[in-house]
Structures are given as C-alpha cells and as structure tokens.
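K.L.:
Attaching a single structure in structure tokens format; questions to follow.
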Amino acid sequence: MSNGKDTQPANVPADEFAASDDKQEAYSAVAEAGAVRVRRSRWERSRIALSKAPATAWFGMIVIALYAFVAIFAQVLAPYGEAQIFAKADLPWAMLGGQPEHFFGTDQIGRDVLTRLIYGAQNTIGIALLTTLLSFLIGGSLGLIAAINRSWLDQILSRGVDVLMSIPSLIFALMLLSIFGSSIPSLIGIIAVLDSTRVFRLTRSVAGNVVVMDYVEAAKLRGEGLGWIMRKEILPNIMPPLVAEFGLRFSFVFLTIAALSFLGLGIQPPTAAWGSMVRDGSRFIQFVAFDWTLALPSLLPAGAVALLTVAVNFVVDWFLHKTSGLRDE
C-alpha cells in the first residue's frame, strides 16, 4: 500500500534515488516560463539554413562563388592581356596537339582563348549584375509608388508598362541599340529599362497585399512620408519574392547580353564577351562532322553561360522553397 509518499524502488541505490527526488523538487514551471531565451544571431540562422540546403543548392552556390572569384580577379588570373594577339591563330587545345602556353588554344586572330574566357566572365557577369540592379531600382521604386498611390499615377505607370511588355524585348533592344549605339552605357540602360517592366509588375502585385495592412495605415495616419513607408513598412515584408526574382532576372539579363553579343550589338570588340566568342567560333560548326574538336571554341563560352544559368536557378529554387513556408515530408 502507498502512504502518499514516494517509495524507493528495490533496484535503485539510495543516493541516486535522493538525487532524482531533489531534481523533481527543484523544477519550477514558473522559472522555465520566465527564463530568458537567447535569440540566434543572423550568422547562426544562416549556418543552420545552409546545413539543411540540398545538394543542388550547394552546387549552385559553389559555381556562383567560383564565377565571382574569376570575375573579380580576372586581371590576376588571366595569363595574357585581354586583346593580346599572338603569331599563330586557331591553335587547338594543348591536350590536342596545341602549344602548352595556350591551354585552350587561340581564336581566329591569335588571341588566347583562356584569357578571353576569364575576361569574358568579368565583362559579361559585371554588366549583367549592374543591369539587374538598375532594373530593380527603376521597377521596384515605381512598383512601390504605384502600389501605395492607387490613383491616376498608378494607371499611367501600369499602362506604360503594358505597352513596353507588348513588344518582344529582344527585338526592341536590337532596335534601340541600332539607334543609340552599342556602347556599354547604352546596353546597360536599354536592357535595364526593358527588364524593369517585369520587376514593376511583381513589386506592384506583392506590395498591393501589404499596403492594405493595419500597420501601413497607422504609418499613414502618423504622417509618415512615402519614402519612409516604402523602406520601413512595405519593403521588408516583400523581400523574399524580390530576392528570388532578382536571381531569375539576372539569369534572363545574362542570357540577353550574351544573345545581343552573339548578334553583334552587345559588348563590342576588343572587349571579351562570351556571346561574341560563341559567334566567332560558330564558323567551324559546319565542319564538326569531320573534326569534332572544331566545335570547342564555341562550346567553351556557351557551356560557361549555361552552367552559370543553371547554378543561379538551383539557388533560386531552394530560396523560394525555403521562404514559401513549405516543408519536405
């Protein structure tokens, strides 16, 4: 019979039973509820998120980091000058009988292909990044203004964006570059304006669900300015879709610049660009049936473009899945 008190089990020593009894008496629900919880730092949260990232996301981040390293330190990594010309043109790879000092051979006028690839990374990726940032600055700002000010200004901006989006962007870019010239500032400005229309539509859509919230109305009643409401109340709550869209827009801008360079209206010689390198090597494509090595000058820059595009999409897919609130079963 139990007398209302804890009895010591026969197979537990007396000192261990007393220690466990002291722990039970020392526990306090009030103390546990009132305990101060230390919030994880941003670095710790990022480390935990990265530890749970899938292999595809890790692959994408490693490729992006490698491309960024090459683009930043192109002048140090490149063995020769960007436009330096050597005596022998169209040399094959060193492993296919070419000269060892030109690992990937030379192009049609005697420039080192490896050097052109390295400088092409700096030029193509750098211009694509600047263009994407400018397009988000233009489209994001106008999209936020249109979402907050639902009046005639919203109608004017929205109808103007509809007109620009109704014209195929590549054809429109070719026409504008033919008019204003193919300089790098013109290339950045034209593509940024054309691409900002997509950013405007997304920003206006996601911000429209936030501007009707009570905390935004309270900020308006407090007399806060339009810029303050955009920066402090709306923008932090729409960042996940915008960050994901930034990765996708970068991929599209990157491919657009490569396509324009391939067509001869993008980055102009002697500046190295992957699109123009594909165009220069494409003259050998018709002879690939007789010698497959003739396709290598075009495959190298084309493969570099494709690999970076796939890597960025892997990272964007993981980021979208993480910020969407979905969980793997």
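The values are calculated or read from the model by the stated rules, or taken from the named source; none is laboratory data. Owing to the predicted nature of the structure, the values given are computational and were not obtained by experimental measurement. FYI the Cβ positions are ideal-geometry reconstructions off the backbone, even for glycines, and counts take in every protein chain you see.
K.L.:
Search the range 178-193 for residues being assigned to a helix (DSSP H, G or I) and in contact (Cβ under 8 Å) with a residue 40 or more places away in the chain, and hand back the single one that is surrounded by the fewest Cβ atoms within 10 Å (Cβ to Cβ).
P.N.:
SER178
K.L.:
Same structure again: Looking at (1) more than 29 Å from ALA65 (Cα to Cα); (2) buried (at least 16 other Cβ atoms within 10 Å of the Cβ), which is the one condition that is false for ILE156?
P.N.:
(2)
K.L.:
Looking at ILE171, ILE156, ILE145, ILE138, which is the one that is more than 14 Å from LEU260 (Cβ to Cβ), of a type in the set (Val, Ile, Thr) and modelled with pLDDT under 90?
P.N.:
Every option except ILE145 fails the conditions.
K.L.:
Any chance you could count how many residues in the range 252-273 are in a helix (DSSP H, G or I), farther than 23 Å from PHE136 by Cβ and either touching a residue at least 60 places away in the same chain (Cβ under 8 Å) or touching a Pro at 6+ places or on another chain (Cβ under 8 Å) (or both)?
P.N.:
1
K.L.:
Applying the selection to the range 270-304, what residues are within 23 Å of the chain's Cα centre (by Cα) and surrounded by fewer than 20 Cβ atoms within 10 Å (Cβ to Cβ)?
P.N.:
ALA302, GLY303
K.L.:
Determine which member of the set PRO100, PRO79, PRO92 is surrounded by 17 or more Cβ atoms within 10 Å (Cβ to Cβ), assigned to a loop (DSSP other than H, G, I, E, B) and not small (Gly, Ala, Ser).
P.N.:
Matching residue, one of PRO100, PRO79, PRO92: PRO92.
K.L.:
Scan the range 199-225 for residues that are assigned to a helix (DSSP H, G or I) and either out of contact with any Lys or Arg (no Cβ under 7 Å at 6 or more places or on another chain) or free of Cβ contacts under 8 Å to residues at least 60 places away in the same chain (or both) and report the count.
P.N.:
Residues in the range 199-225 being assigned to a helix (DSSP H, G or I) and either out of contact with any Lys or Arg (no Cβ under 7 Å at 6 or more places or on another chain) or free of Cβ contacts under 8 Å to residues at least 60 places away in the same chain (or both): 17 in total.
K.L.:
Separate question: List the residue pairs whose Cβ atoms are under 8 Å apart, where the first residue sits in the range 35-56 and is under 20 Å from LEU320 (Cα atoms), the second is among the charged types (D, E, K, R) and at pLDDT 75 or above, and the two are 6 or more positions apart or on different chains.
P.N.:
ALA49/LYS322; THR56/ASP317
K.L.:
Let me ask something else about it. Would you confirm, using the coordinates I've provided, whether VAL30 is modelled with pLDDT of 75 or more and either part of a helix (DSSP H, G or I) or not β-branched (Val, Ile, Thr) (or both)?
P.N.:
So VAL30 fails the test.
K.L.:
So which of GLU233, GLU245 ends up being in contact (Cβ under 8 Å) with a residue 40 or more places away in the chain, surrounded by 12 or more Cβ atoms within 10 Å (Cβ to Cβ) and touching a helix residue (DSSP H, G or I) at 6+ places or on another chain (Cβ under 6 Å)?
P.N.:
Unique residue meeting the criteria: GLU245.
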